[in-house]
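Have a look at the structure below, then the notes.
The values are calculated or read from the model by the stated rules, or taken from the named source; none is laboratory data. Just so it is clear, the model here is predicted, and its values are computed rather than measured. Virtual Cβ from ideal backbone geometry, glycine too; neighbours counted across all protein chains shown.
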Ligand code: LLP
């Protein structure tokens with residue numbers, strides 16, 4: 001977590017910087033990221049992976065927070081990128097990440113995206129189906145390229161996380177069925193334009209215990225040994241992402257425990273290993289600042305605190321019933337008594353709710369709050385629903401803060417709209 005400290009005079013400080021000052025100058029809603037937290041988390045993850053003893057590369061899952069400043073910072077700390085679209089490819093390259101440090105994942109890559117990846121020379125493409133294998137082979141031949149690939153295997157392991165972010169069950173759309181993987185790998189080795197090097201897997205997101213990882217990697221180890229016994233070369237295992245954080249009372253996923261699971265199940269197989277973490281790196285590094293527009297009293301006795309951030313900014317509570325900490329910026333409010341309140345956005349949907357019946361300090365019109373752990377799957381999932389411009393973003397680095405994304409102007413929202421002349 002960024003260093004959040006309540007100061008009697010300045011209110012809530014993040015890495016020593018007054019969040020009220022930022023809110024006052026930049027306005028709300030506004031995302032604030034801690035460069036220091038991103039850095040120290042990347043360093044802790046790298047150190048944990050070094051315990052495995054084999055080479056482990058870290059490919060940051062760009063989807064979690066794709067801001068160029070985040071990508072550049074993580075690149076400086078030694079991360080490559082895990083991408084899932086042509087857009088993320090362009091972004092990662094723009095941030096200075098070498099093509100050879102980029103892994104391309106995803107269940108439906110278009111021909112144009114695959115050709116862009118081949119053209120750029122991405123380090124590895126994780127193929128998710130027999131169909132994609134054939135398409136990629138043809139595209140590689142057509143472009144005179146060889147694609148280094150792994151097969152993404154669906155190990156049919158329950159990650160015990162939210163259904164919408166579980167990916168490693170047989171019923172999910174992701175990956176190649178475990179039972180078919182070896183035969184398909186053998187087939188891939190015969191296809192022109194492809195250089196199969198091994199396997200990948202990703203069982204889901206927000207995983208806080210090592211047990212599902214161990215189960216998945218144990219299955220992958222069986223597959224790798226079986227493929228090798230059949231004379232197939234396997235040198236790479238991409239262990240996926242998914243390490244969870246503590247939003248509420250859960251214990252944060254421990255990089256050391258993940259490293260332990262990898263080491264225990266795969267460490268003896270002389271593999272080049274990789275992981276694709278997103279949330280664990282970026283989630284705790286970011287908050288969303290918001291202002292209470294008004295406090296609406298209700299017959300039930302539980303007020304609605306209507307804030308100027310909404311589901312279009314941070315979608316997680318409405319999409320996954322996710323819990324995010326909410327704390328006032330004012331020291332006075334934070335020290336006051338708590339009472340149940342609903343915190344909601346102004347969007348015209350009941351789902352636009354950040355929390356219900358939560359014991360919170362008394363928030364009044366004009367009160368400012370920080371919504372915590374919003375650095376991953378926050379700004380990246382924003383929309384402009386209700387013609388709400390995308391919020392500003394700020395990064396605090398070494399005691400100074402920088403605007404890293406200007407608040408979108410309303411006029412930008414219709415820049416690409418065309419009104420047929422008969423209607424004007
Ligand atoms: N690798 C692959 C192939 C993935 O699909 C994902 C995430 C990751 C890595 C990174 O997972 P992470 O380390 O961030 O858990 N919007 C949802 C999360 C969706 C995750 C999608 N895939 C949320 O807000 O909870």
Leading residue by the ranking (surrounded by the most Cβ atoms within 10 Å (Cβ to Cβ)) among those in the stretch 4-59 that are in the same structural domain as residue 330 (by TED's automatic domain parsing) and in a loop (DSSP other than H, G, I, E, B): 29
Lone qualifier among 240, 193 - being buried (at least 24 other Cβ atoms within 10 Å of the Cβ) and touching a residue at least 40 places away in the same chain (Cβ under 8 Å): 240
Residue tally, condition part of a loop (DSSP other than H, G, I, E, B), within 15 Å of the ligand (Cβ to nearest atom) and within 27 Å of residue 75 (Cβ to Cβ), over the stretch 248-284: 6
Verdict on residue 317 being within 15 Å of the ligand (Cβ to nearest atom), outside any loop (DSSP other than H, G, I, E, B), surrounded by 17 or more Cβ atoms within 10 Å (Cβ to Cβ) and without any contact (Cβ under 8 Å) to a residue 40 or more places away in the chain: yes
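A quick yes/no check of all residues on (1) within 26 Å of residue 13 (Cβ to Cβ); (2) surrounded by 14 or more Cβ atoms within 10 Å (Cβ to Cβ):
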| residue | (1), (2) |
| --- | --- |
| 301 | no, no |
| 321 | no, no |
| 329 | yes, yes |
| 335 | yes, no |
| 341 | yes, yes |
| 346 | no, yes |
| 355 | yes, yes |
Those residues of the stretch 203-213 which are closer than 11 Å to residue 239 by Cβ and at pLDDT 95 or above, in sequence order: 213
Test: residue in the stretch 288-304 that is part of a loop (DSSP other than H, G, I, E, B) and either under 16 Å from the mean Cα position of the chain (by Cα) or within 16 Å of the ligand (Cβ to nearest atom) (or both): no
Where residue 72 falls short, out of the listed (1) touching a helix residue (DSSP H, G or I) at 6+ places or on another chain (Cβ under 8 Å); (2) assigned by TED's automatic domain parsing to the domain that holds residue 175: (1)
Of all residues in the stretch 93-115 being closer than 20 Å to residue 143 by Cβ and buried (at least 19 other Cβ atoms within 10 Å of the Cβ), the one that is modelled with the lowest pLDDT: 106
Unique residue being within 16 Å of the ligand (Cβ to nearest atom) and more than 21 Å from the chain's Cα centre (by Cα) when the list is 150, 110, 161, 166: 150
Failed item in (1) in contact (Cβ under 8 Å) with a residue 40 or more places away in the chain; (2) surrounded by 20 or more Cβ atoms within 10 Å (Cβ to Cβ); (3) within 14 Å of residue 293 (Cβ to Cβ), with residue 365 passing the rest: (2)
Single condition residue 399 does not satisfy, out of (1) in contact with a helix residue (DSSP H, G or I) (Cβ under 9 Å, 6 or more places away or on another chain); (2) under 18 Å from residue 14 (Cα atoms): (1)
Per-region count, the stretch 200-219, residues within 21 Å of residue 321 (Cβ to Cβ) and near the ligand (Cβ under 8 Å from one of its atoms): 4
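Scan 360, 390 and give me the residue that is assigned to a loop (DSSP other than H, G, I, E, B), touching a strand residue (DSSP E or B) at 6+ places or on another chain (Cβ under 8 Å), more than 16 Å from the ligand (Cβ to nearest atom) and modelled with pLDDT of 95 or more. Walk me through it before giving the result.
Numbers: 360 fails: assigned to a loop (DSSP other than H, G, I, E, B).
One residue alone meets the criteria, 390.
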Any hit, the stretch 326-337, residues being out of contact with any helix residue (DSSP H, G or I) (no Cβ under 8 Å at 6 or more places or on another chain) and either within 25 Å of residue 278 (Cα to Cα) or modelled with pLDDT under 95 (or both): yes
